[in-house]
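J.: My questions all concern the structure below.
The values are calculated or read from the model by the stated rules, or taken from the named source; none is laboratory data. As the structure is a computational prediction, the values presented were derived from the model and not from experiment. Neighbour counts run over all protein chains shown; Cβ positions are idealised from the backbone, glycine included.
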Amino acid sequence: MTKILAVDDIPQNLRLMEAVLTPNGFEVVTAGTGEDALLQVLKEKPDLVLLDIMLPGIDGYEVCRRLRADPKTSFLPVVMVTASGLPEKVKAIEAGADDFIAKPFDQPELLARVRSLLRVKTYHDETERQKAELAEWNTTLEQRVKEQVDELGRLGRLRRFLSPQIADLVMSQGGEALLNGHRREITVVFADLRGFTAFSETAEPEEALGVLRAYQTAMGEVIFHHEGTVEHFAGDGIMVFFNDPVEIAEPQLQAARMALAMQSRFADLQAGWKKRGYDLGLGIGIAVGYATLGRIGFEGRSDYGAIGMVVIQGSRLSSAAKAGEILMTNRVLAAIEEHVDAESAGELELKGFHQPVPAHRITALR
């Protein structure tokens, strides 16, 4: 049974979480302080942590930072329970939280977020298992083969796991310094599936994994064709950015071209899925702004990523986009309005933004 650690210093809140989660098949263990939470993680080995921020002793931020600093719990999904607005949420993300939910929480939203992060953990555990098998295979190979692998061979293997731009950068002179961190204007594209949560709740795990593999393979081909840098594939969510690490002349236009190509390629997948009764769509958001980019992670496990409000804005636009929609900000439209047909999508209330955000819908490339 999937185990969840609920951390809150108010007993009524813990009882409420137990009342919501237990009937849905989750085993719930509880902690009332930050110190107790860390002990329970070691003792109970939960699959996910629901973590209140305001706790006696060390607060939720510090608990999350310590979990992220420990290799054994660095990928343990953590959902922060917040009571205020954007500053608290940003601080939660900076501390390492995977997601957050506001108090008083909505029960269906809590269940949906818990299930979504648990799916990601399942995929991560499978990846770790495969990585362990690969490490064992490499050890056996090293025992048989003493020859040094040449430069071209190493680059070829890197390209299997990294986007081509990052692979080339790692192999080039001076690339290591750039990976350590820099600031640049980038265009961010987020894409995720509409209806995937509902689909996953009724589909067999093999069906859901098959859909994800087909979707990620197809989108990966489109992304690499348009020379986008993949920040992550997280379940049904994809983040891509342009203008880093390789600077390009028209990153907003390249992002729009890729988004339209993704929708076109997705339509082919969608036609086949509809015959099987899968009701899935693709929503895309595009934003432009400055971000800090570089290596994110810890010794032995790191990614190349971007941090900044442009990332959050792109993600929120993607969440607001309906199936088949590509939403973009005013700044993106200003850069590409001579090249695309677009229409106003109104002022959107985006989660985490105090003011409505004017958005536009791309309909075609001229």
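J.: Just to be sure I understand the filter: pairs with C-beta atoms under 8 Å, separated by 6 or more residues or on different chains, first member in region 3-31 and over 13 Å from Leu110 (Cβ atoms), second member of a type in the set (Phe, Trp, Tyr). Which pairs pass?
T.: From region 3-31, the pairs are Lys3/Phe26.
J.: Still on this structure, please answer the following. Taking Gly277, is it among the small types (Gly, Ala, Ser), touching a residue at least 12 places away in the same chain (Cβ under 8 Å) and either in contact with a helix residue (DSSP H, G or I) (Cβ under 7 Å, 6 or more places away or on another chain) or surrounded by fewer than 21 Cβ atoms within 10 Å (Cβ to Cβ) (or both)?
T.: no
J.: Looking at Ala191, Ala234, which one is under 16 Å from Ser319 (Cα atoms), hydrophobic (A, V, I, L, M, F, W, C) and modelled with pLDDT under 90?
T.: Ala234
J.: Give me the residue from region 179-204 that is in contact with a Lys or Arg (Cβ under 9 Å, 6 or more places away or on another chain) and assigned to a helix (DSSP H, G or I) and, out of that set, farthest from Met309 (Cα to Cα).
T.: By that ranking, first place goes to Glu201.
J.: Right, something else. With in contact with a Pro (Cβ under 9 Å, 6 or more places away or on another chain), of a type in the set (A, V, I, L, M, F, W, C) and under 18 Å from Val222 (Cβ atoms) as the only criterion, which of Phe241, Phe298 stands out?
T.: Values: Phe298 fails: under 18 Å from Val222 (Cβ atoms).
Residue meeting the stated conditions: Phe241.
J.: Can I ask one more? Leu110 versus (1) at pLDDT below 80; (2) assigned by TED's automatic domain parsing to the domain that holds Val20: which is the lone unmet condition?
T.: (1) is the only condition that Leu110 fails.
J.: Name the residues in region 95-108 that are closer than 21 Å to Ile10 by Cα and either in a helix (DSSP H, G or I) or among the β-branched types (Val, Ile, Thr) (or both), would you?
T.: Ile101, Gln107
J.: Could I ask something else about it? Please state which of the following conditions Val222 fails to meet, knowing it meets all the rest: (1) assigned to a helix (DSSP H, G or I); (2) surrounded by fewer than 21 Cβ atoms within 10 Å (Cβ to Cβ).
T.: If we test Val222 against (1) assigned to a helix (DSSP H, G or I); (2) surrounded by fewer than 21 Cβ atoms within 10 Å (Cβ to Cβ), just (2) comes out false.
J.: Does region 196-219 hold any residues that are β-branched (Val, Ile, Thr) and surrounded by 12 or more Cβ atoms within 10 Å (Cβ to Cβ), and which are they?
T.: Within region 196-219, Thr197, Val211 qualify.
J.: Counting only residues that are crowded, with 22+ Cβ neighbours inside 10 Å and within 16 Å of the chain's Cα centre (by Cα), which one in region 313-338 is nearest to Gly281 (Cα to Cα)?
T.: Ranking the candidates gives Ser318 first.
J.: Looking at region 64-89, which of the residues that are hydrophobic (A, V, I, L, M, F, W, C) and in a helix (DSSP H, G or I) is nearest to Gly297 (Cα to Cα)?
T.: Ala69
J.: Please tell me if Ala92 is modelled with pLDDT of 75 or more, surrounded by 10 or more Cβ atoms within 10 Å (Cβ to Cβ) and in a helix (DSSP H, G or I).
T.: Working: modelled with pLDDT of 75 or more: yes; surrounded by 10 or more Cβ atoms within 10 Å (Cβ to Cβ): yes; in a helix (DSSP H, G or I): yes.
Yes.
J.: Has region 130-145 got at least one residue that is modelled with pLDDT under 85 and among the small types (Gly, Ala, Ser)?
T.: Yes: region 130-145 contains one or more residues that are modelled with pLDDT under 85 and among the small types (Gly, Ala, Ser).
J.: A follow-up question, please. Considering Val49, Val29, which residue is part of a strand (DSSP E or B) and either farther than 19 Å from Ile101 by Cβ or touching an Asp or Glu at 6+ places or on another chain (Cβ under 8 Å) (or both)?
T.: None of the other options fit; the residue is Val29.
J.: Sticking with this structure for a sec: From the set of residues in region 350-366 that are surrounded by fewer than 19 Cβ atoms within 10 Å (Cβ to Cβ) and free of Cβ contacts under 8 Å to residues at least 60 places away in the same chain, which is farthest from Leu333 (Cα to Cα)?
T.: Looking only at region 350-366, we keep the residues that are surrounded by fewer than 19 Cβ atoms within 10 Å (Cβ to Cβ), and these are 351-356, 358, 361, 363-366.
Now restrict to residues that are free of Cβ contacts under 8 Å to residues at least 60 places away in the same chain: 351, 355-356, 358, 361, 363, 366.
Numbers: Lys351: 21, Gln355: 19, Pro356: 17, Pro358: 11, Arg361: 9, Thr363: 12, Arg366: 13 Å.
Within region 350-366, the match that is farthest from Leu333 (Cα to Cα) is Lys351.
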